[in-house]
1. What is the local net charge at C243, summed over the other residues whose Cβ is closer than 10 Å to its Cβ (Lys, Arg +1; Asp, Glu -1)?
2. Using a 7 Å offset from the Cα along the Cα-to-Cβ direction at both F240 and N48, what is the distance between the two label points in nm, to one decimal?
3. Taking all protein chains as present, what is the carbon and sulfur share of the accessible area of region 188-270, in % to the nearest whole number, probe 1.4 Å?
4. By average Cβ neighbour count within 10 Å, what is the ranking of 151-159, 113-121 from highest down?
5. Is there a quick way to get the dipole size of region 116-270? I mean about its Cα centre, with the Cβ of Lys and Arg at +1 and of Asp and Glu at -1; what is the value in debye to the nearest 20?
6. Dipole size in debye (nearest 20) for region 159-225 around its Cα centre, Lys and Arg Cβ +1, Asp and Glu Cβ -1?
7. Starting from the Cα gyration tensor of region 170-239, take the square roots of the eigenvalues, sort them a ≥ b ≥ c, and report rounded, prolate or oblate (rounded when a/c is under 1.5, otherwise prolate if a/b is larger than b/c, else oblate).
Amino acid sequence: MAARTDIQLQLVCCTYEGKKFSVPLARAGMKTRDVIAEAARIVNVKANRLSVLWCGKVIDPDMPIQDAIANRTATDLHLVQLNVAEQQIFTGQLASIDDEQVFVYCKECEGLADGKQVLICSICNEKNKFVRQSPAPTGMFDVEYKTDGTCLNTNCPSNKQVVSAQVTYECKGCNNSAAVLKHVHKNINSICCIKCNNNRAQMFVFFCDYLHAICLQCFSGYCQMQMNNKKFQVFDNIGFSICCPAPSCTDSPVRDPHHFYLVNEKFVCG
């Protein structure tokens, strides 16, 4: 489950029934259940009824809190009430959670930002209180979809029956809705840009047969060059776009025009 912390991880920010508060990390090696216990004291709820949600899964209370919040800055721990039977049904290990890093274009932050997954109940429109029933799809193409599960909002008319949820994305920094950038990925395999041969932290991956990758700096320059040379083409269900710069890849367009905001907003809006 994600949490907002300072650099020393001295505080964990939590939300429960709309109330926000901070829990201090009093000692090293604290587990999620320790944070739950302190949070329960603050909100005056029995600790054995509280659980932590992250991306549609209930976090194992025995997980070290540092593992639960690692690399997830600017996001609160969402606490919900579950009975013992529900805790046994819903609890999952963090390793099973779909937590692949996602990038978004955030207009509020005016640029590329880390994204987070949000599950919105189709019945009550509550977010951050939905537990998915089936595993999230894998692969870079499945970033927006619907999933089945259980809404834990006590005011939801579904009464904890299986319903669907829309999976969307928000900026981790400001919590505003943001467009997910399907082509931008963390460069975990140290792939070199096909243009400049440099190894950058984030790469733009074209969905061609070879999954050619280009760094974001070169992508911006490539877009400007293609625009100046009037090389943008109209593609069905996409609109104006450009293909992979490799000469052999003629049918691999950028699938979402939001990616062109990476050049600058004026490039898209004119």
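The values are calculated or read from the model by the stated rules, or taken from the named source; none is laboratory data. The model shown is predicted, which means the values in this text are computed figures rather than measured ones. FYI the Cβ positions are ideal-geometry reconstructions off the backbone, even for glycines, and counts take in every protein chain you see. Heads up: the accessible areas ignore ligands, DNA and RNA and are worked out on the full protein's heavy atoms, side chains in. Shrake-Rupley method; radii C 1.70, N 1.55, O 1.52, S 1.80 Å.
1. Values: positive: K231; negative: D251.
Computed value for this residue: 0.
2. 6.4 nm
3. On the way: 2360 of 4970 Å².
Here carbon and sulfur together make up 47 percent of the probe-accessible area.
4. Working: 151-159: 16.2, 113-121: 21.7.
With the highest mean Cβ count within 10 Å placed first, the list reads 113-121, 151-159.
5. Details: 15 positive and 10 negative charges, 76 e Å.
Dipole size: approximately 360 debye.
6. Details: 6 positive and 2 negative charges, 31 e Å.
Taking the Cα centre of region 159-225 as origin, the dipole is about 140 debye.
7. Working: a/c = 1.68, a/b = 1.09, b/c = 1.55.
Oblate shape, in that a/c is at least 1.5 and b/c is the bigger or equal ratio.
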